[in-house]
1. Run down G23, G42, G38 and say which single residue is modelled with pLDDT under 70, closer than 23 Å to I83 by Cβ and out of contact with any strand residue (DSSP E or B) (no Cβ under 7 Å at 6 or more places or on another chain).
2. Output the residues belonging to the stretch 58-90 that are of a type in the set (D, E, K, R) and within 23 Å of T106 (Cα to Cα).
3. Tell me yes or no: at least one residue of the stretch 92-107 is among the polar types (S, T, N, Q), closer than 23 Å to A30 by Cβ and within 15 Å of the chain's Cα centre (by Cα).
Amino acid sequence: MRLRLSELRRPPKRDWVARFAFGAGVSALAGVVSVLAGPRAGGLFLAFPAILLASVTLIAKEEGVRQAVQDVGGAIFGALGLIGFAVVVTLTVTVWPLWLSLTIATLSWAALSLALYAIVTRLRR
């Protein structure tokens, strides 16, 4: 799999609008839930993969279910990395400066996600 920037021009504008609208809608819902039920409940909705759902639907329609399944697989690695991010922030945010906690958490997310991808890719060979 290779990154091809020319492919960004391929999807119709309506697909980009659908992705944006779905993501914005879920983000707005998170804001409403935060106001009504508190920030913890709202945070659950912020973790909702709004862009993934819209993207996978459009990918399945345009490129087929197999490609959509591959994208979901990548999202799983990213989600597991996000758990690492949350753990690092939880353990460090009250001890370290905020910028340092978020930087280390972001690096942890990237490292964990990429490591999981590399491991699974190697195991499949």
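The values are calculated or read from the model by the stated rules, or taken from the named source; none is laboratory data. Nothing here was measured: the structure is a model prediction, and the numbers come from that model. Using ideal geometry, Cβ is built from the backbone for each residue, glycine included, and neighbour counts are taken over all protein chains shown.
1. Values: G23 fails: modelled with pLDDT under 70; G38 fails: modelled with pLDDT under 70.
After applying the criteria, what remains is G42.
2. The initial filter retains those residues of the stretch 58-90 that are of a type in the set (D, E, K, R), namely 61-63, 66, 71.
Across the stretch 58-90, the qualifying residue is only D71.
3. Residues of the stretch 92-107 among the polar types (S, T, N, Q): 92, 94, 101, 103, 106.
When the remaining residues are screened for being closer than 23 Å to A30 by Cβ, the result is 101, 106.
Adding the requirement that they be within 15 Å of the chain's Cα centre (by Cα) leaves 106.
Yes, the stretch 92-107 contains at least one residue that is among the polar types (S, T, N, Q), closer than 23 Å to A30 by Cβ and within 15 Å of the chain's Cα centre (by Cα).
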